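Reviewing the structure listed below.
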Amino acid sequence: MRPILLSGHERALTQVKFSKEGDFIFSVSKDHVVCAWYSANGERFGTYHGHQGALWTVDVNPTTTLLATGGADSTMRLWDVKTGKLLKTWDYLTSIKRVEFSEDGKQLLGVTEKRTGQLSNIYVYDIINDVDAEQTSEPSLHIVVDELPRVTVAGFSYLNKYIITGHEDGSIAQWDAKTGEMLNNVYSHEDGMLVSDLQWSADRTYFITSSKDKTAKLHDTNTLEVLKTYVADTPLNSAAITPDPQQYVILGGGQAAMDVTTTSARQGKFEARFYHKIFEEEVGRVRGHFGPLNYVAVDPTGKCYCSGGEDGYVRVHHFDPPYFDFKYEVERERERGKF
Amino acid sequence: MAPSFEQLDPETEYDDAEEIDYSDLREQYEVRMEEGLDTFIVIDGLPKVPAASKDKLVKFLLRKLTTAGKTKEENVFMPMDEAGEMSEGFAFVEYETPAQAAQAVKTLHATPLDKKHTIAVNKLTDIERYGREGRIDETYKAPEIAPFEEKEHLRWWLGDDDGRDQFVMYRGDNVGVFWNDKEDQPEQVVDRQHWTESFVQWSPKGTYLTSIHTQGVQLWGGPNWSRQKRFMHPGVNLVDFSPDERYVTTWSHRPLEVDENNPILSLEEDGKNYIIWDVDTGKPLRSFVTLDLPSLASDNEGNPIKQKMQWPAFKWSADSKYVARMTQGQSISVYELPRMNLLDKVSIKIEGVMDFEWCPANPQRDNIKEYEQLFCYWTPELGSNPAKVGLMSIPSKEIVRTRNLFNVSDAKLHWQSESAFVCVKVDRHSKSKKSLATNLEIFRVKEKGVPVEVVDSIKDTVINFAWEPKGDRFVLITAGEVPSGSAVPPKTSVSFFCPEKAKGNAVGNFKLIRTVDKKNNNAIHWSPNGRFVVVATVLSQQSFDLDFWDFDFEGEKDEKDKDLTANLQLMNTGDHYGVTEIEWDPSGRYVASCASVWKHRMENGYHLYTFSGQLLREEPIEQFKQLLWRPRPERLISKEEMKQVRKNLREYSRQFEEADVAKRSSADKAVVEARRQQLEEWLAWRSRTVEDLVEERRDYGLSDISEEQQALIIEEQEGESKVVDEVFEEILEESEEILA
C-alpha cells in the first residue's frame, strides 16, 4: 500500500510510538512539539504544547489515557491524551533521554542524561491511571548509575521485575526494579558502540537492541543471553519486533549526516530493513526517507509500522499481503505437519 | 650503616664480570668511536717523485682533491723516503669534515692520473680497521655452506582439486588470501593483520605475495605463507618484478642513505632510488638514481611542473634477459642480466625519444632465425624532422622498421600479447592545432618486412585502446572535445575492430565492427584468454556501468558482418556503484569489480561476475582496499592436448555440472537443516518462557496476559471483529418409545 507521509514536524523526529491498540501514533521531534495521529489515515489528532526544548522521548500507557514525554528542557511531562492538558511536570538537572510505562501502566520510568558532573539517573514513579488524580512528585525508586557508562535506553521487563538499560559502551544491564540493585551486566555489542534503542516483544520476555556497531541483537530478558544477531551494513538507530504470528524484526538507521560526504540517498542507506527474526536473514527493505531513520515502531496489532526520520517525516507503511504470506519452506513444512 | 658506593671493594665488584669472556660480543658490537681521524684519507698509487717536484705533484693533486671537499696545501702530507730524496708514493690528506673525506673516497678512488698511475683513495680509519695485522685472516677459509633445507612447494595452489583460483584481499589492517567459490562465500586460506604497510602485489606468475614495509619488501609463499625473501630498501614505495620472477626492482622517492655498517647494502647504493635485486640470492645487483624528467610545461609562477613519474621506469624484455630505461629525449640504456652491465657499454642514443615498450613475448619475425628482442619507441617532431616510430632489435641494435609521422601531439605504444602486432596510437592535431584526431599505425611484426596498416577513420581522440590477448581484435574508446569549463566529462564512444577474413593463416585488414555511441565508458578489460571483454566506466561520479561483450557469439551472424572474423554481441550489463577497478581472474571465468577506499569512501567492497556478466555475489566490505587474483604461470599442456580438451568439452562440462549440482544440493540441504533446527530451538524456547511467564503471573494473582496485551483484545471485542457465539440445536432423529 502507498505509505502515508506524516509531515507535521519541522525538525528531525526522535521517537514514534503506537498506542497499545495500534490506532494512534505519537511522535516527538526536535521542534518541541508532540503530535498524535490516527494510524489508519494519517490525520492529525492533536498536538501537545509546553516543552521548551527538543524532545527525545515519548510513551503512552496501556489504556491510551496518559502520555509521558521527556526532552532537552530537563523535564518529564505527563499529558492527558484526550484533551492535551498538561497533568504533571517533573524537573531535573539534565535532559530526559528515555521514558517508558510499565506493561500494567502503573509505573513510569525516566532516564536523565549524564552530563557536566551529573550522572545518569533512572527515576521510577508510581502512576495513577486517572487524568484527574494528583500524580506523585516523589520517585518510588531512584537509581544512580555510577559504575557503568552513560545510560542511553531503558525499559521495564515483564511483571515490572527488572529494568533493562543499554549503555554508551555497548553494554546491557539488568536491575532489580524493586530495589534498584544491579543484577547482571553483559557486553553484547561491540565495545564503545552505543546502544541506540531497546524495544520489547509483546510479552516483554525478550527484547531487541540496536547499536552503532551495525548490528541488532535479540536478548532473553531473564539471562540477557543473546538469542539472535542481525547484521546490517550501516549504524543502526532503532530496531522493532513485529507481533506474532509474523516473525520479523525491523531495523532502521543510516549514515549519520556528519559522516556522509555526499547527500545521495543511495549512499546513506536510509532504508528500513526487514529481517527474519528466527533465521537472522534479511528479507526486504523499504526505501523512502532521505535522512537516517531515527526510530521505527510497529503497530501492536501487526497491521502497519512507522518510521521517524532525520528528514522530519514520519512514514506509515501498511503491510501488503506478501508480508503476511511470506514463509520459509521449513515454516510451511511445520504448519503442514501440524494439520 | 649501609656501605656507600665509594666504600665498596672494587675487587668484589668486578669479579663476576671477569670470569665471563665477552670478547666475542665486544667484537661483534664494537662501537666505532669518533676517532677524530674521519677527516683523513690516504692516497696510494702516486708516482714517486724527487723532492724537487713534490710541490708540483701536491698542487696537481689538490686540483683533484678540492673537487670533493675543502682542503689546502698544508693539509696534504706526502712522506719522503729515509734519505728524503724521493717520495714514498702515497699521501695523507685532511679534509674539513668527515663527509668531505667520504665524498673524496667515493669520487676519487680508482681515478687514473696518467697511463701508469691510478690512485687508490681510502679512509685512514679503514686502513686501520682492515689493514691492521690480524684483522683479516691471512689464510683462506672456505665459507660455510648451510645444509640444504627443503623449501615449501611454491606452486602448491595450482594443485587444487576443483581448479579454483585464489585472490588476495586487503581491507582494514588485514590481508587475507581466499579461494574463490563462485556464488558461495570465498574460503579463507590465510589472514594476517598488518601483513603489509601500504599495499600487496603478486609476482607475475603468482609464486610470491609481495608486502611493502618501511624497511623494505618481503616475499611470501608456499602453503604456510612463510617468508621466502626480503629486500631491505628503507622507504620503498613501489616494486616491480621481471616477467620470470628472477629479479625485482624496488623504488623509493627518497634517495637511500646507507650507513657503512649496513650488512646488505653497500655504499654503492647510497643516494640511489632504484635497486634491482636478484630474487634467488636476495642481493642487490645494481642501483640507480631517479632521472628527473625534463619539464616541458611550467606553472603560473614559472616553476616547472613536476611530471608524473613513469612506472615501471625499468622495463623488462619478455625473457628477462634485458632491462632498459629511457632518458627522456636522449637515449635508452639497455642492461644485460644477470650482470646488469650496460649493453655494449653505451646507451643507445635516440634523439628526442619519448617512450618505448618491449615486445611482451619473444618475437617471431619472418625469416629471422637469430635470437632477438624488440622494442618500439617514438620520437616527436624535432625542428624540420618528422616524428618517428621505430622498432629496434636487441642485441644487434638494428632498426627493423621506422615510420615517419606528421602533426603528432602524442603517441602511445600498444603491443599485442604475442608480439604479433604493435599498435601506435597517434594523437594528431590539425594544422591550426585546434582539433585532435587519432590514427592507429599497426605494425604487423610477424609479416615479411613488417608492413604497417593505418586506421585513420577515427574522428575523435582515442582515450583507451586494448588488444585482445592472444588474438588480433581490439577495442577502443573515443571521447569528443570537452567544452571548456564543463564539469561533465564528454560522452564516449566504444568501437570494436577485427580483421577481415583472409585466405589461409593471413590476417586481413582491420575493419570496424561496430561503434556504440553516447556512452560514458573509459575502461577496457579483456578476458586473459581473449574473446570476452568488459567495457566499463570506472572512477566516475555519475555512472558506473559494466558491459560484457562476446566477440564470438554463437548465434546468428549479421549479413553485413559476414566478411569479418567476429560476431559481436552484448551479453549482459552490470552496474556497480563507485567501481574503481576491474579484475579478471587468470582463468577468464570470473570478473571482480572493486570499489576501493583508496579512491573514495562510498560502498566499498567488490562484486563478482561470471565472464558473461551474471552477478554472483555482492560483497560490501568496510575499509576495502585491494583485491588481486593470483596469477597463474603459463599452461604446460601442449596445443594438441588443448585441442583434445576443446573437442571433448561437452563431456568435461557434463562432469563439472554434475559436481556442481551435487555440491549445491548438499549445501542446500545443510541450509534447510540449519533452519529447521533454528526454528525448533526458537519455538521450544518460546513455549518454555511463555509457560514460565503465565505461571509467574498466576503466582502473583494476575490474569494470564498483561494490561498491554489486554488492550488488543478489548479492541477486538468492541470492533467489528467481535466473536458471536451462536448455538444451534438440530434434531437429527426423533423416535418415540412407549413405556409399558
Degrees separating the helix B:98-108 axis from the principal Cα axis of chain B, which is the longest one: 80 degrees
Reachable lysines, given that their alpha-carbon falls under 25 Å from the alpha-carbon of B:Lys433 and they are not under 8 places away in the same chain: B:Lys306, B:Lys308, B:Lys388, B:Lys412, B:Lys425, B:Lys459, B:Lys491
Value of relative contact order over the stretch B:329-405, rounded to a whole percent, pairs C-alpha under 8 Å and six or more apart: 22 percent
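Loop only by DSSP, 10 or fewer other Cβ within 10 Å of the Cβ. Give me the GluC sites (Glu not before Pro) in the stretch A:93-160 that pass, ordered by residue number. Kindly include the intermediate steps, with their values, before the conclusion.
On the way: sites: A:Glu100, A:Glu103, A:Glu113, A:Glu134, A:Glu147; in loops: A:Glu103, A:Glu113, A:Glu134, A:Glu147.
Sites meeting the loop and neighbour criteria: A:Glu134, A:Glu147.
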FRET E, pair B:Glu681, A:Glu281, Förster distance 22 Å, beta-carbon r, rounded to 0.05: 0.90
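Taking 0.36 nm per intervening residue step and subtracting the Cα-Cα distance, what contour gain separates B:His109 from B:Glu152 on full extension?
Values: separation 43, 0.36 × 43 = 15.48 nm, distance 4.47 nm.
Net length gain for the segment: 11.0 nm.
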Set of aspartates and glutamates with alpha-carbon distance to B:Lys503 below 14 Å, sequence-local pairs under 8 removed: B:Asp563
Greater than 31 Å apart at Cα, pairs in B:Lys519/B:Lys643; A:Lys20/A:Lys327; B:Lys72/B:Lys349: B:Lys519/B:Lys643; B:Lys72/B:Lys349
Partner lysines for B:Lys229 [C-alpha distance under 19 Å; skip if fewer than 8 residues away on the same chain]: B:Lys151, B:Lys205, B:Lys283
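Got the relative contact order for chain B handy, in percent, Cα pairs under 8 Å and 6 or more residues apart? Don't jump to the answer; show the numbers that get you there.
On the way: 1370 pairs, mean separation 43.2, N = 740.
RCO, chain B: 6 percent.
Beyond 18 Å, what share of the Cα-Cα pairs of the stretch B:653-704 is found? Please give it as a whole percent. Kindly include the intermediate steps, with their values, before the conclusion.
Values: 807 of 1326 pairs.
The calculated P(r) of the stretch B:653-704 puts 61 percent of pairs beyond 18 Å.
The stretch B:159-256: which GluC sites (Glu not before Pro) are DSSP loop and have at most 10 other beta-carbon atoms within 10 angstrom?
Working: sites: B:Glu183, B:Glu187, B:Glu197, B:Glu245; in loops: B:Glu183, B:Glu197, B:Glu245.
Filter output for the stretch B:159-256: empty list.
Hey, with R₀ at 56 Å, roughly what FRET efficiency would A:Thr89 and B:Lys663 work out to, going by the Cβ-Cβ distance, to 0.05?
It comes out at approximately 0.25.
Taking a ≥ b ≥ c as the square roots of the eigenvalues of the Cα gyration tensor of the stretch A:1-140, is the shape rounded (a/c under 1.5), prolate (a/b larger than b/c) or oblate?
Numbers: a/c = 1.93, a/b = 1.31, b/c = 1.48.
It is oblate, given that a/c is not under 1.5 and a/b is not larger than b/c.
Give me D for the stretch B:423-477 in µm² s⁻¹, whole number, from Stokes-Einstein with Rh from the Kirkwood sum over alpha-carbon pairs, 25 °C and 0.890 mPa s.
199 µm²/s
Stretch B:Leu615-B:Asp162 to full length: gain in nm at 0.36 nm per residue minus the Cα-Cα span?
On the way: separation 453, 0.36 × 453 = 163.08 nm, distance 2.09 nm.
161.0 nm is the gain from fully extending B:Leu615 to B:Asp162.
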At 0.692 mPa s and 37 °C, Stokes diffusion of chain B via Kirkwood alpha-carbon radius, µm² per second: 98 µm²/s
Stokes-Einstein translational diffusion, the stretch A:4-338 - Kirkwood Rh over all Cα pairs, 1.002 mPa s, 20 °C, in µm²/s: 108 µm²/s
Share antiparallel - DSSP beta bridges, the stretch B:551-648, percent rounded to 5: 95 percent
Stretch gain in nm, segment B:Phe92-B:Thr281, where the contour uses 0.36 nm per residue and the Cα spacing is subtracted: 64.2 nm
For the stretch A:63-124 and the stretch B:647-681, distance of Cα centres in Å: 56 Å
Cα extents of the stretch B:40-131 along the three principal axes, largest first (Å): 34, 28, 27
Chain A - percent relative contact order, Cα under 8 Å, separation 6 or more: 13 percent
Inter-label distance, nm, simple model (7 Å from Cα along the C-beta direction), B:Leu539/A:Leu5: 3.9 nm
DSSP-loop GluC sites (Glu not before Pro) across the stretch B:87-145, with at most 14 other Cβ within 10 angstrom: B:Glu88, B:Glu96, B:Glu133, B:Glu138, B:Glu144
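What FRET efficiency do you get for B:Glu268 and B:Arg227 if R0 is 30 Å and r is their Cβ-Cβ distance, rounded to the nearest 0.05? Write down the numbers at each step before the final one.
Working: r = 25 Å, r/R0 = 0.85.
Step by step, r from the Cβ atoms, then E = 0.75.
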Inter-label distance, nm, simple model (7 Å from Cα along the C-beta direction), B:Lys446/A:Ile128: 10.1 nm
5 angstrom amide H check on A:Gly71, placed H, neighbours 5+ away: A:Trp56, A:Ile96
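Would you compute, from DSSP H runs of 4+ residues alone, the mean residue ellipticity of chain A at 222 nm, taking -39500 (n - 2.57) per run and dividing by the full residue count, rounded to the nearest 500?
After summing the helix terms and dividing by the residues of chain A, the value is -1500 deg cm²/dmol.
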For the stretch B:244-288, the Rg and Dmax computed from alpha carbons only, in angstrom: 10.4, 33
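Computed from the coordinates by the stated procedures, all read-outs in this text should not be read as laboratory data. Being a predicted model, the structure only gives us computed values, none of them experimental. Positions of Cβ are generated from backbone atoms using ideal geometry, with glycine treated the same way; all protein chains shown enter the neighbour counts.
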